[in-house]
Structure formats: structure tokens, C-alpha cells
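Chemist: Quick one: the structure is below, and I'll ask about it shortly.
The values are calculated or read from the model by the stated rules, or taken from the named source; none is laboratory data. The model shown is predicted, which means the values in this text are computed figures rather than measured ones. Positions of Cβ are backbone-derived with ideal geometry, glycine not excepted, and every protein chain shown enters the neighbour counts.
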């Protein structure tokens with residue numbers, strides 16, 4: 001399932017195998033929230049830009065079109081025509097984001113749909129059922145994602161409940177995988193580490209869940225407003241307690257520099273809506289730093305977004321044309337920009353893997369960490 005084939009310091013180069021194929025790690029998972037990438041990007045496009053793992057959202061697909069609909073259509077792979085590895089999140093983060101509309105109990109969480117306000121209950125068993133219906137390769141355990149900072153006593157109690165929820169997730173996941181009509185009987189389950197910004201609670205919680213039969217482990221509840229260095233410090237605190245032979249996933253992170261720094265700290269999997277969201281507003285990544293394509297200075301710029309890039313946008317179109325599309329409000333602007341940023345992230349991961357293969361990751365880190373997040377200094 002997962003093999004670490006090389007290390008440089010704590011940075012790990014690995015291979016992950018699941019029912020729908022193999023992914024080389026470290027890997028960035030491209031976020032297709034509702035079975036599509038925002039910006040008119042399809043599963044077929046993902047293949048062209050080097051995506052290895054697609055990520056979809058349990059909460060949103062439960063609401064629309066409904067996970068039972070997806071199951072009857074043969075599962076999410078068939079529904080969106082993606083034949084590669086796929087991860088679905090548990091819905092826990094979306095429930096967290098609906099903090100004004102939710103009520104948390106031991107059984108689970110009752111909350112109001114952001115679409116029509118109807119009351120919905122989701123607990124460990126419900127989350128596992130939805131993800132089983134979707135048929136993803138990796139299901140995430142249902143957890144509570146708390147706000148940073150939160151009172152220490154509440155964080156401790158929340159982590160204890162998350163452990164109990166994980167035990168229920170494991171039991172239900174195993175039961176569902178054994179059902180004769182299961183969409184993907186080889187679906188894996190990842191547990192999630194929580195603990196806010198308390199390093200000792202994080203380490204304790206990781207020790208507890210590492211004893212449970214999960215296929216991988218995630219660090220959740222970061223990149224939700226805490227300072228970047230605090231996030232790095234928490235990864236440093238958790239990583240020694242994570243199993244060495246299982247994948248490690250840092251949820252919802254982040255900028256190119258965040259990814260480079262987290263790889264240096266032993267993380268294997270990443271996801272974030274940031275590259276697609278930034279692209280839709282004209283902020284694009286290059287190997288010299290970021291550019292805002294809406295700026296007036298690009299009005300007559302005949303260069304591609306990045307002269308070293310081979311994405312569909314850079315292969316055919318100028319900055320001037322793309323800026324025109326944004327100014328004119330054309331949907332093509334968002335599509336091409338999203339394709340570029342996701343291609344950049346996938347290429348970033350490929351270059352990280354190459355550096356690890358060649359034993360030059362620290363030099364790569366020194367050259368690019370920090371630089372890729374800053375505005376480009378151009379000739």
C-alpha cells in the first residue's frame with residue numbers, strides 16, 4: 001500500500017498504491033469539491049496537467065446530488081470519469097465552518113444545510129456510509145475540527161471524543177467494506193490528528209490514534225488562522241509520533257513554501273483550494289514568484305505566464321490575452337488560470353520528488369522555500 005523508498009533528513013520519497021492505481025509521493029491532491037474543479041476544469045483536464053490523486057468533498061456531494069445518487073451511478077469515479085486514486089474528506093471541516101449552525105453531541109453533529117437550511121445529522125457512521133457510497137480510495141475519519149486558539153480543556157475533551165469517533169468509524173468502515181454491494185471494497189481509512197495549537201495534546205492524541213488500525217494518518221485543524229511558524233511547530237511535535245510505514249497527510253495546506261517546509265518535516269500528502277481559488281482571481285504562480293494577471297502592466301505582455309511552463313495556458317496564450325479575458329469577464333480566463341496553477345503545483349511536487357531522488361532536496365528547499373510565495377521580481 002505505501003512504501004518509503006528514500007529519505008533526506010525527515011523528507012520522505014514514497015510510492016502509494018490503492019485500488020485505482022499508484023501515486024508517487026510527496027503528492028498534491030487536486031481538489032474537485034463537488035466532482036469538478038472550480039473554474040470549468042474536468043477530470044480529463046486533471047490527467048493532462050499531471051494530477052495523481054483527486055479529492056472530493058463528502059459534505060457537498062451528500063447535499064448535491066446526494067451520495068445515494070452517486071452510488072446508483074456506479075460511484076464517484078465513474079460519475080465524474082476519473083480513473084485514478086481518489087480521496088474524500090469526512091465532512092468534519094465543513095461542519096466546523098458552519099459553527100453558527102451546528103450542535104455537537106457524542107452521537108455526532110446536527111447542523112443546517114448552507115443550501116436550504118434543512119437540518120442534517122452527521123456522525124461517524126453517517127460519514128462512513130456517505131464515503132462508501134462515493135467509493136473513494138481513501139475515506140477520512142469523522143472528526144471535530146476546532147478553532148485556533150481554543151481553551152485547553154475543550155481541546156482535550158474534543159480530542160478524546162475524536163478518538164471515540166475514530167473507533168466508531170473503523171468499525172463501520174470495516175462493516176461497509178464487507179457488504180456485497182460495496183462500491184469499493186478496498187477503500188482505505190485515514191485517521192486524523194487534532195489538538196489545536198497545544199503541542200503536548202497533539203503528541204498525546206497521535207500516540208492514541210496510532211494504535212488503531214488505520215491505513216494512514218492526517219494532521220488536521222491547521223492553516224485555519226494560526227501563524228505559519230505555529231503550524232510548523234505543531235508538525236514538528238506530531239511527526240515523531242506518526243507511524244513510519246504509513247502515509248502522512250497535512251490537510252488543507254497550502255502555499256508552495258508551506259508544502260516545501262512540510263515535506264522537510266516528513267509529510268507525504270497535501271491538498272488545498274488555494275491554487276484554484278487564487279487563479280480565479282488572477283493570482284498565478286511562477287518559478288520566479290507570484291504575479292497578478294489583472295495588473296495594467298501585462299496589457300501588452302506577449303510572454304506566457306511562465307516561460308518554462310508547458311501547461312495548456314502557457315503553451316498557447318500570452319499574458320496580454322489572459323488579462324483581456326479577465327477584464328472582459330470571460331469564463332475562459334478562470335479555466336486557463338486554474339489549469340496553470342494546478343499544473344504548477346503538480347510540477348512543484350514532481351520537482352520535489354526529483355530532488356529527493358537525487359539527494360538534493362535541501363538545496364531545492366533553500367532555493368525555493370519563501371521565494372515562490374512572494375511577488376515575482378521580473379526583468
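Chemist: Scan 348, 339 and give me the residue that is farther than 14 Å from residue 283 by Cα and outside the structural domain of residue 55 (by TED's automatic domain parsing).
Modeler: Result: 348 is the single residue among 348, 339 that is farther than 14 Å from residue 283 by Cα and outside the structural domain of residue 55 (by TED's automatic domain parsing).
Chemist: What's the number of the only condition in (1) surrounded by fewer than 21 Cβ atoms within 10 Å (Cβ to Cβ); (2) assigned to a helix (DSSP H, G or I) that residue 336 fails to meet?
Modeler: (1)
Chemist: Still on this structure, I have one more. Condition first: under 20 Å from the mean Cα position of the chain (by Cα) and modelled with pLDDT of 95 or more. Now tell me which residues in segment 207-221 satisfy that.
Modeler: Those that are under 20 Å from the mean Cα position of the chain (by Cα) and modelled with pLDDT of 95 or more: 214, 215, 216, 217, 218, 219, 220.
Chemist: Suppose we keep only residues that are touching a helix residue (DSSP H, G or I) at 6+ places or on another chain (Cβ under 6 Å) and either assigned to a loop (DSSP other than H, G, I, E, B) or touching a residue at least 60 places away in the same chain (Cβ under 8 Å) (or both) within segment 307-331. Which one would you say is farthest from residue 286 (Cα to Cα)?
Modeler: 312
Chemist: Does residue 199 qualify as being in the same structural domain as residue 15 (by TED's automatic domain parsing) and in contact (Cβ under 8 Å) with a residue 12 or more places away in the chain?
Modeler: Yes; evaluated as a whole, the condition is true for this residue.
Chemist: Check segment 190-205 and report whether any residue there is touching a strand residue (DSSP E or B) at 6+ places or on another chain (Cβ under 6 Å), at pLDDT 95 or above, crowded, with 23+ Cβ neighbours inside 10 Å and part of a helix (DSSP H, G or I).
Modeler: Yes, because at least one residue in segment 190-205 is touching a strand residue (DSSP E or B) at 6+ places or on another chain (Cβ under 6 Å), at pLDDT 95 or above, crowded, with 23+ Cβ neighbours inside 10 Å and part of a helix (DSSP H, G or I).
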